[in-house]
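The next block holds one structure in the form of structure tokens; read it before the comments.
The values are calculated or read from the model by the stated rules, or taken from the named source; none is laboratory data. It should be emphasised that the depicted structure is a prediction, and the values quoted were computed from it without experimental measurement. No Cβ is skipped: glycine too gets one built from the backbone with ideal geometry, and neighbour counts run over all protein chains shown.
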């Protein structure tokens, strides 16, 4: 009796010999084998593009919790995307202990999911075919473990059209139905009318662009304002103690003001008098300003002529500077003379009393001599030869009589002349002999 292991090679050998020896059997086997290989390749390609998970594929599995998960159908290739790129699939869906939907997500191991990751359930098409948009989060929050769970606060679900329609009343639904019917009628001639409408819409959109930009700027400003108000509110809320002290201080201040109501009333009663005095002072200031206006006008005119005067004064100062420079040598030479005259000045100071007594008589003598100056001129001309010992006729001896003011007392001249009839000496011309 032969064992099974020894018969298997024999069977294969006999089968191979039959294929070779029997007519057309080898060709049929080759075609069947080729078709099987082709079917396996095509099936593998199709299954691979249908996102079939092979047993040897490595993946990271975790759970995401949603309040609602409409349109989710695991096993139909619904994707998990990161930044729009397919990285995994929705494996299964269930309900947790709190009544929320829990989705089992499987992604490639090369992507990390952190504890602050967020998931959003989005529709892929109008047929409500869903996919999960995953934001992996930041490394600072730390990675979640395999089969970890993201809480509900990290997820968002889409708003379904039936949820919106359920909030509408009967009249609104009827109006919406009528609008859809009229839209269908309006779009019946769309090929002829829609291009013009789209062109007009394009122009309107271009004109509305500045408005949208301004609204966006306003939205940004409002966001900053709300943020600033939030910060102020937070700061005020954190400073309850200071606000309490402020309110207490305000209450004490108002109490003190109420206690001095009488003094405040008396002060207010004096206010009309103060107002009247202030009005009078204002009137006086107005009159003073009216008087100052001409003065200021004069100063304005003087300021116009002042530059020319300053220029002339500058020229005078320049000439005076030159004069001082030219006079410096004379001053230097006069300094020794002044030093030499200083002793005589002391003696002159002692002689001033006697000179003052003598000069008192000069006015009277001058008054007496001035009227005789007319006769004194010819007398001097005729008597000038008295100082010479020669004349036209030769030499001659002469005698001189000298009369000094001291020989004729001043009192004798007083009675000889009057202010109206001065005395004149009887002078005669001398003829030389």
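Points to keep in mind about this one:
- Residue 194 outside the structural domain of residue 90 (by TED's automatic domain parsing) and surrounded by 12 or more Cβ atoms within 10 Å (Cβ to Cβ): yes
- Among the residues making up the stretch 112-126, those that are within 20 Å of residue 85 (Cβ to Cβ) and under 48 Å from the mean Cα position of the chain (by Cα) are 112, 113, 114, 117, 118, 119, 120, 121, 122.
- Qualifying residue in the stretch 195-204 (condition: under 23 Å from residue 123 (Cβ atoms) and either out of contact with any helix residue (DSSP H, G or I) (no Cβ under 9 Å at 6 or more places or on another chain) or modelled with pLDDT under 85 (or both)): no
- Of all residues in the stretch 127-156, those satisfying the criterion of being within 19 Å of residue 84 (Cβ to Cβ) and assigned to a loop (DSSP other than H, G, I, E, B) are 129, 136, 137.
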